[in-house]
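Since the structure comes first, as structure tokens, the remarks are kept for the end.
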Amino acid sequence: MKRAMWFLDQREMPTHWYNIQADLPEPLPPTLNPVTKEPVTLEFMNVLFPIECIKQEINTTDRFIEIPDEVQEVYRTWRPTVLHRAYRLEKALDTPAKIFYKYEGTNQAGSHKPNTAVAQAYYNKAEGVRRVTTETGAGQWGSALALAGAFFGVEVKVYMVRISYDQKPYRRIAIETWGAKVVPSPSPDTKVGREMLAKWPDCPGSLGFAISEAIEEAVGRDDTHYSLGSVVNHVLLHQTIIGEETRKQMVMADAYPDIIVGCIGGGSNFAGQFLPWIRDKISGKKKDMRIICVEPESCPSVTKGVYAFDYGDACGMGPIIKMYTLGHGFIPPPVHAGGLRYHGMAPIICHLHKLGFIEAVAVPQTKAFEAGIQFARTEGIISGPEPCHNLKVAIDEALKCKESGESKTILIAHSGHGHFDLGAYDEYLSGRLQDYEYPREAIEKALAELPKVE
Ligand SMILES: *Cc1c(COP(=O)(O)O)cnc(C)c1O
């Protein structure tokens, strides 16, 4: 019998997240205060985040951090997730490569994002904060946090990028169904929002701008924290449950990945898969392992951005971090992969790229959907537009194996389903889906506005 799925018993679900900071050959650059441009203090960060998350953010000593029981309990409503072998895709490609994928689309919200949303809602509740604000693009993060808020009794307010709010109502409705409040961003609820609306009443919004609004509200209210769905260290930490599970499942499958591929928007889902593996590369145990980050050609932070200190949000209200950036004021073209439309990238990913441990490639959206369709017609899953990007690269690598005759093991980090993105599939199938040119001018303009840091 050929096994196509590897389950992990609930009793074997990992009880700890993996903290890469303890194994980095060089420490991460500091996070800076947006006003003083000095390293941030605990007090500054605590206006936004729970103390436990800040401790995780700066923890460089503990390799493993225990997952609180209450968080494990919620994880067990869908975890461990299954590891699949893509036999049908392998056959269609006629490749000797062994293709595995770990699928994060089976939970209530349909993506990897609840892995951190649940932890953040729990830590806020545990520290007496019963209300959080956040931003969302296409709505995946907003719906994950709304779900987590419902589980822990935390009130959630979501600033949703205006263009998605208008064009993609279903995730907004899901957010409201789970009990959170949603407003389109720019909104009249904040000072930056009102200023923007006065200047530009039809402003379509951006993720960076919605972050600014969510931060402004959290800073202005004692009872409210801010919650971020990607980019920062503690979010990547919470996602490592994915890779920790996969390590156990690959042992069961008697396999070890030669290549790991994933898509990067802010970097959290892919880091959650590859960080638990990269320790073997850093320690020299598996030096030739390739880790390939895939981003959209229209928002290519790592492949075309500069490595510099920049604001995480559009208005310069949040912390300054060192990352590959296209400039905090950059508004990416409206590609369907809403989760990949962010100007920067997780500092941990940028640092590992700078140190030469990981590589990055950019893919246009038509090629991504082409791969997504092939995956749907072989493996059955209709993938989110974001993971379609890495499917394209995984398929290319499998085809290279066909040419060379090598039987490499490829592991795909699959971040979620595309059931709310069928409009994009419709565009592809009817030949209306277009690619956007690399927005050189807009990026050059945004890069001229980087903060001056000594
Ligand atoms: C949000 C999202 C992404 C991108 O975010 P990362 O932090 O880079 O993981 C990718 N895939 C899906 C399905 C998402 O919802």
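Quick notes on this structure:
- Where a residue in region 364-388 is not assigned by TED's automatic domain parsing to the domain that holds Asn269 and its partner, wherever it lies, is away from the ligand (no atom under 12 Å from the Cβ), with Cβ under 8 Å and at least six apart: none
- Hits in region 324-347 (condition: within 12 Å of the ligand (Cβ to nearest atom) and of a type in the set (Ser, Thr, Tyr)): Tyr342
- Scope region 348-361; condition more than 13 Å from Asn390 (Cβ to Cβ) and within 13 Å of the ligand (Cβ to nearest atom); matching residues: Ile348, Ile349, Cys350
- Any hit, region 105-125, residues being touching a Lys or Arg at 6+ places or on another chain (Cβ under 9 Å), crowded, with 24+ Cβ neighbours inside 10 Å and not in a helix (DSSP H, G or I): no
- All conditions in (1) at pLDDT 95 or above; (2) assigned to a helix (DSSP H, G or I); (3) surrounded by fewer than 24 Cβ atoms within 10 Å (Cβ to Cβ) hold for Ile381, with the sole exception of (2).
- Checking every residue in region 362-369 against the condition of being within 12 Å of the ligand (Cβ to nearest atom) and buried (at least 19 other Cβ atoms within 10 Å of the Cβ) gives at least one match.
- Pair list, Cβ under 6 Å, 6 or more apart: region 422-437 residue small (Gly, Ala, Ser), other residue modelled with pLDDT of 95 or more: Ala424/Pro385
- Of all the listed residues (Ala346, Ala362, Ala413, Ala398), the sole one being closer than 17 Å to Cys293 by Cβ, modelled with pLDDT of 95 or more and in contact with a Ser or Thr (Cβ under 6 Å, 6 or more places away or on another chain) is Ala362.
- Region 85-96 - residue that is surrounded by fewer than 24 Cβ atoms within 10 Å (Cβ to Cβ) and in a loop (DSSP other than H, G, I, E, B) and, of those, nearest to the ligand (Cβ to nearest atom): Thr95
- Answer from Tyr159, Tyr226 - the residue that is more than 16 Å from the ligand (Cβ to nearest atom) and among the aromatic types (Phe, Trp, Tyr): Tyr226
- Pick from region 384-402, criterion within 18 Å of Gly339 (Cβ to Cβ) and among the charged types (D, E, K, R), ranking: farthest from the ligand (Cβ to nearest atom): Lys392
- Selection count, region 404-418, where residues are in contact with a helix residue (DSSP H, G or I) (Cβ under 9 Å, 6 or more places away or on another chain) and away from the ligand (no atom under 11 Å from the Cβ): 7
- Taking region 239-323 as the region of interest, the helices (runs of 4 or more DSSP H) fully inside it that hold 2 or more residues being more than 16 Å from the ligand (Cβ to nearest atom), farther than 19 Å from Lys113 by Cβ and not hydrophobic (A, V, I, L, M, F, W, C) are 241-252, 268-282.
The values are calculated or read from the model by the stated rules, or taken from the named source; none is laboratory data. If you're wondering where the values come from, they're calculated on a predicted model, not measured in any experiment. Because the Cβ atoms are built from the backbone with ideal geometry, glycine has one as well, and the counts that use them run over all protein chains shown.
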